[in-house]
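**Q** Okay, here's the structure, questions in a sec.
Readers should treat all values here as calculations from the given coordinates under stated rules, not as data from a laboratory. This one's a predicted model, so the numbers in the text were calculated from it and none came from an experiment. Neighbour counts run over all protein chains shown; Cβ positions are idealised from the backbone, glycine included.
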Amino acid sequence: MKSPKRRSFPSLDPESLRAVLDSMEDRIYVVGRDYRIRFMNWSLRRDMGDGEGALCYEFFGHERDTCDECQHGMSSFEPERRREWTSPKDGRIYEVSVSPLHGPDGSISRLHIMRDITERKALEKALHEHTKSLEAKVKEQADVLFRRERLSLLGEIAAGLAHELRTPLGAILTGAKLLEKEPIDPARRAMILELIRKETGRLERKLAEFLQYARGRLPEKRPSAVSGLLEDVRAVLASDAALVGRVHIRVAVAPDTDPFPLDADLMKDVLLNLGQNALQSLGGSGELHLEAKGTAEGLEITVRDNGPGIPSSDLPHLFKPFFTRRPTGTGLGLAICKDIVEAHGGRITVTSLPHVQTTFRITLPR
């Protein structure tokens, strides 16, 4: 196979080269190491006058430091440099590329090519202003939607609150009416007072949960010991002997997790909620694992148990407000957990294989 013939081009004499450069619309000039302009093409002379022989920084109105950077700040063999320059004469904006130019006599000059980008910059500015205007409109619409969603949420909370408070309030009212009757057996009186005390405590817990969900709170992130956090959660859970029963609570934290930026108090609330749900599901026997490890993105915390699991039909609704299968639950615990995790910029997910493993996974960005 024959190799392709090499093309040859006729060499240009200085006059022909000048004619080629003069035919270009880009403004071109050459500056010697003495800062003198040695050549200007026709486009540049047309716009700014003839400056051949003049000092470049005086002719163009540059600071001397700018020319020092071109003349001495770049080596003779590095690639071109680019910068923007606004002409003080007409206010037009140019993109200027500067490259070393080696002459046949061994001299080294600087080749400057100026391209008028005034219209492009004006378009970029208009696009930027239009983008800012669109962003403002989007934010305005988002605020409107947020207010509507918040009002809808408040209505939902009010309805849920009325439903959840009706039972304990009814029990307290009934107990109060019974106490009004005379005479009453002391043992029965003590039983009624205990009922009122329990229902009042239940009422207080429900109100606190509703208020926490309605109010929300932005996390105050600080470098925190993840191992210490999980150990604290384990200790609190283990202190409720009636709930724990014979469940083994195990903690495993990889050494690459500490410290991690998070709100330890809020994250403790999340893990306690998940841990208590798991213990209630286990019913006094089984295993509960609290684990944490570092990931490429940040931190992963898992809470898993080997209890009866969660029906697959319930999984899509698990983090929705007021969804619960427990008669005494408000359905806000997991919704609060989701809000706290997402306020940290993270995600919470759940997978469940009944009687094998149920896992809540929290991922937090670093």
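**Q** Cross-link partners among aspartates and glutamates for K198, C-alpha distance below 18 Å, same-chain residues fewer than 8 apart left out?
**A** E164, E209, D240
**Q** Report ³J(HN,Hα) in whole Hz for each residue of the stretch 275-288, in order, from the Karplus equation J = 6.51 cos²θ - 1.76 cosθ + 1.60 where θ = phi - 60°; Gly and Pro get x.
**A** Here the 3J(HN,Hα) series is x, 5, 4, 5, 5, 4, 5, 5, x, x, 8, x, 10, 10 Hz.
**Q** Moving to a separate point now. Full-extension gain between K177 and W85, please, as 0.36 nm times their residue separation minus the C-alpha to C-alpha distance.
**A** Gain on stretching K177 to W85: 24.3 nm.
**Q** Something else now. Once amide H atoms are built 1.01 Å from N in the peptide plane, which residues 5 or more positions from V251, or in another chain, come under 5 Å H to H?
**A** Under 5 Å from the amide H of V251 lie the amide H atoms of L290, each far enough along the sequence or on another chain.
**Q** What FRET efficiency comes out for T295 versus E15 if R0 is 56 angstrom and r is the Cβ-Cβ distance? Round to the nearest 0.05.
**A** 0.25
**Q** Which GluC sites (Glu not before Pro) in the stretch 18-83 sit in a loop by DSSP (not H, G, I, E or B) and have at most 14 other Cβ atoms within 10 Å of their own Cβ?
**A** The qualifying sites are E25, E52, E63, E80.
**Q** Just to verify a number: FRET efficiency for M24 and T302, C-beta to C-beta distance, R0 = 41 Å, to 0.05?
**A** Once rounded, the FRET efficiency stands at 0.05.
**Q** Which pairs, out of K89/K132; K221/K293; K177/K320, put more than 26 Å between their alpha-carbon atoms? Mind showing how you got there, number by number?
**A** Numbers: K89/K132 31 Å; K221/K293 18 Å; K177/K320 38 Å.
Among K89/K132; K221/K293; K177/K320, the Cα-Cα distance tops 26 Å for K89/K132; K177/K320.
**Q** Could you give the distance between the Cα centres of the stretch 32-99 and the stretch 302-316, to the whole Å?
**A** Each part reduced to its Cα centre gives a spacing of 71 Å.
**Q** Remind me, relative contact order of the stretch 14-116 in percent, using alpha carbon pairs under 8 angstrom and six or more residues apart?
**A** 26
**Q** Quick one: order S224, S285, S352 by neighbouring beta-carbon count within 10 Å, fewest to most.
**A** Details: S224 19, S285 11, S352 22.
So the residues, fewest neighbours to most, are S285, S224, S352.
**Q** Within the stretch 55-133, which chymotrypsin sites (Phe, Trp or Tyr not before Pro) sit in a loop by DSSP and count at most 16 neighbouring Cβ atoms inside 10 Å?
**A** Numbers: sites: Y57, F59, F60, F77, W85, Y94; in loops: F77.
For chymotrypsin sites (Phe, Trp or Tyr not before Pro) across the stretch 55-133 that sit outside H, G, I, E and B with at most 16 neighbouring Cβ atoms in 10 Å, the list reads F77.
**Q** Tell me which residues come under 5 Å, amide H to amide H, from R92 once H is placed; ignore anything under 5 positions away on its chain.
**A** For R92, the qualifying residues are S87.
**Q** Amide H of F322 versus every other amide H placed in the peptide plane: which residues, excluding those fewer than 5 positions away on the same chain, fall under 5 Å?
**A** L332
**Q** Taking 0.36 nm per residue of sequence separation and subtracting the Cα-Cα distance, how much length would be gained by fully extending the chain between S312 and E69, in nm to one decimal? Show your work: numbers first, answer last.
**A** On the way: separation 243, 0.36 × 243 = 87.48 nm, distance 6.78 nm.
This chain segment gains 80.7 nm when fully extended.
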